[in-house]
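Participant: Dropping the structure in here first, questions after.
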């Protein structure tokens, strides 16, 4: 009877240890189903490890992950290239006279000096409307009062209130709207512990988003794209990158089926083409 009991305990212990081993294996980055991780124009290789939790910078394998980093000079070049592309698109869509007028108007706006007298009047109106609205009972009433006072001024054409309670101000003779954000009643300043907890919470959310996408076989892109990109189209993305490395041009469908679509996708495509061009591989026709 004692021997049977020992055998039963051994089997139960072995089964329990097997379950523990399986749980550890599932949570180990080296054992997880592989997705794809891209930093700017490079595919990163596993295993992946986050460090710096609670510090100013969260890092993935030593690379800054959060907050977002931007390479200013390269971004400036990309913006300049995008402007050229927009001009070429206008030429295809509009007659030459319309294109010339739009370009001249944009240049006038760029070269025009601000009217200091109008700026002073606008500032004075802003202060007046804010002070008048400050006596409202609720924040929503304060926003509504501010918008109404602003709109009643001969300086303003119209106003509107967005869902996030920002007020859009359309000044007369100014095409671009101005967005005004009123400050809610100030909360007590956060303690050092509260600031640290908030930082760790933000960092943990980013880590969870990363592993959720990667473990499902998806693609995570970060670094110099203005945020983060998560995609399920890993296989299509790998095929597109391979095609770019051979100097081939992606079709519209190939861009849409991979990470190279949308605003962030165009930025990533630019980075990959710039890299392959430097290495003498790419053709640069996809940018």
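Participant: Order 124-135, 262-273, 227-238 from most to least packed using the mean count of other Cβ atoms within 10 Å. Could the numbers behind the result be given before it?
Facilitator: Working: 124-135: 15.0, 262-273: 19.4, 227-238: 16.8.
Listed from highest to lowest mean packing, they are 262-273, 227-238, 124-135.
Participant: Another one. Quick check: Cα centre of the stretch 111-179 to Cα centre of the stretch 209-235, how many Å?
Facilitator: 40
Participant: If you take the square roots of the eigenvalues of the alpha-carbon gyration tensor of the stretch 81-232 and sort them as a ≥ b ≥ c, do you get rounded (a/c under 1.5), prolate (a/b over b/c) or oblate? Numbers along the way, then the final one.
Facilitator: Working: a/c = 2.69, a/b = 1.10, b/c = 2.45.
It comes out oblate by the Cα gyration axes.
Participant: Of the peptides 209-215, 58-64, 249-255, how do they stack up when ordered by the mean number of other Cβ atoms within 10 Å, highest first? Numbers along the way, then the final one.
Facilitator: Details: 209-215: 17.7, 58-64: 16.0, 249-255: 14.3.
The packing order, highest mean first, is 209-215, 58-64, 249-255.
Participant: Show me 136-146, 194-204 ranked by packing, highest mean number of other Cβ atoms within 10 Å first. Display every interim value, and only then the final one.
Facilitator: Details: 136-146: 15.1, 194-204: 13.1.
With the highest mean Cβ count within 10 Å placed first, the list reads 136-146, 194-204.
Participant: How much space per residue, in cubic angstrom, does the convex hull of the C-alpha atoms of the stretch 160-249 take up? List each step's numbers first, then the result.
Facilitator: Details: hull volume 19.2 nm³, N = 90.
Expressed per residue, the convex hull around the Cα atoms of the stretch 160-249 is 213 Å³.
Computed from the coordinates by the stated procedures, all read-outs in this text should not be read as laboratory data. Source: prediction; values computed, not measured. Every residue, glycine among them, receives a Cβ derived from its backbone with ideal geometry; neighbour counts consider all protein chains shown.
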